[in-house]
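This report concerns only the one structure given below.
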Amino acid sequence: MTSVLVVDDHPFFLHGFSQYLEDSCDFTVDTALSVDEAIAKLDTARPDLAMLDVTMHGGGGLRVLRHMRLHYPHVPTMFLTVHIDPEQTIEAMRLGVKGIALKDSDPEVIINGMNTILAGGKWFERGVTEPALQYSVDKPSRGIRSDDLLTKREMEIVELVCLGLRNRQIADRCSLTEGTVKIHLNSVYRKLGVASRAELIVKREGMRSSQN
């Protein structure tokens, strides 16, 4: 049986969704009505998947996600929400959330997302990710301190990533090992505050726009 922790401060939704999961799927479900209760349960049990409401009092799902990334980074997390603003979406992605679903979606759609995440993938509703990507492009890039500037090699790798090359291809192009490319990319991610190739491409496009 797959164990799921559902965290939401709306009892009606929490009970109804949890009951649906238990009746319809091969899940055992534990619940929490607050951020503090969720953290306490995570500290005593390790669910196979944590599903968090974004807008709870006390810091909401982002606070729980930060706690998990620090203490339980291997437990996959999915956000459930009625609405999430683009900045929250980007922050959640940087913190490693594996999926975001809207509460008014068909339950089977949400379960499909859950199964995708449990199989090691990611699942985001387009209505969530598209505004976040547009926000990243439109928002002025943060100022980059002198100690955050990319090296010439890092800039070269960024440009190749933006052209769609994978690590193996970049390594061949730059006469590097694939491991060295990964080290450079991790450094780039840290300096620019991104967590994936997609975010890096969006960030780079935003930087180019601000320079024009």
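Measure off 7 Å from each Cα along the Cα-to-Cβ vector at ASP36 and GLN169, then give the distance between these two points in nanometres to one decimal.
Roughly 5.2 nm, to one decimal.
For the ranges 40-48, 5-13, what's the packing order if you count other beta-carbon atoms within 10 Å of each residue, average per peptide, and put the highest first?
Those peptides, ordered most packed to least, come out 5-13, 40-48.
With each run of n ≥ 4 DSSP H residues scored as -39500 (n - 2.57), what mean residue ellipticity at 222 nm is computed for the chain after dividing by its residue count and rounding to the nearest 500 deg cm²/dmol?
Details: 10 runs with 117 residues, N = 212.
One gets -17000 deg cm²/dmol as the mean residue ellipticity at 222 nm.
Taking R0 as 30 Å, what's the FRET efficiency between ASP43 and SER187 from their Cβ-Cβ distance, rounded to 0.05? Numbers along the way, then the final one.
Details: r = 33 Å, r/R0 = 1.09.
Calculated transfer efficiency: 0.35.
Give me the net charge of TYR72's neighbourhood, meaning all other residues with Cβ under 12 Å from the Cβ of TYR72; Lys, Arg count +1, Asp, Glu -1. Let's see the in-between values first.
Working: positive: LYS41, ARG46, ARG66, ARG69; negative: ASP43, ASP48.
Local net charge: +2.
Positive end of the charge dipole of the chain (Lys, Arg +1 and Asp, Glu -1 on Cβ, about the Cα centre): tell me which of ILE117, THR180, MET78 has its Cα farthest that way.
After comparing all options, I get THR180.
Can you tell me the dipole magnitude for the chain around its Cα centre, using point charges on the Cβ only (Lys, Arg +1; Asp, Glu -1), in Debye to the nearest 20? List each step's numbers first, then the result.
Values: 25 positive and 29 negative charges, 283 e Å.
For the chain, the charge dipole is close to 1360 debye.
If the cut-off is a Cα-Cα distance under 27 Å, which lysines reach LYS103, setting aside same-chain residues fewer than 8 apart in sequence?
Here the lysines satisfying the reach criterion relative to LYS103 are LYS41, LYS122.
Among HIS15, THR55, LEU200, whose Cα lies farthest out toward the positive end of the dipole of the chain, if unit charges sit on the beta carbon of Lys, Arg (+1) and Asp, Glu (-1)?
LEU200
What distance in nm lies between label points placed 7 Å from Cα along the C-beta direction at TYR20 and VAL109?
My value for the distance between the label points is 1.1 nm.
Cβ under 11 Å from MET1's Cβ, MET1 left aside: what net charge do those residues give with Lys, Arg +1 and Asp, Glu -1?
On the way: positive: none; negative: GLU22, ASP26, ASP48.
Result for the local shell: -3.
So, by mean Cβ neighbours within 10 angstrom, what's the order for 76-87, 112-123 with the highest one leading? Don't skip to the end; give the middle numbers.
Numbers: 76-87: 19.9, 112-123: 15.7.
Top to bottom by mean Cβ count within 10 Å: 76-87, 112-123.
Which order do you get for CYS162, CYS174 if you rank them by accessible area with a 1.4 Å probe, largest at the top?
Numbers: CYS162 35, CYS174 10 Å².
Ranked from most to least accessible, the order is CYS162, CYS174.
If we count every other residue with Cβ under 13 angstrom of ASP36's Cβ, Lys/Arg +1 and Asp/Glu -1, where does the sum land? Each step should come with its number before you reach the end.
On the way: positive: LYS41, ARG63; negative: ASP9, GLU37, ASP43.
Charge balance in the 13 Å sphere: -1.
Using the alpha-carbon centroid of each, what span in Å lies between region 28-68 and region 75-128?
Distance between centres, Cα-based: 15 Å.
The values are calculated or read from the model by the stated rules, or taken from the named source; none is laboratory data. All values reported here derive from a predicted model rather than from experimental measurement. Here the Cβ is made from the backbone with ideal geometry for all residues, glycine too, and neighbour counts use every protein chain on show. Remember, those area values only see protein heavy atoms, side chains included, never the ligands or the DNA or RNA. Shrake-Rupley method; radii C 1.70, N 1.55, O 1.52, S 1.80 Å.
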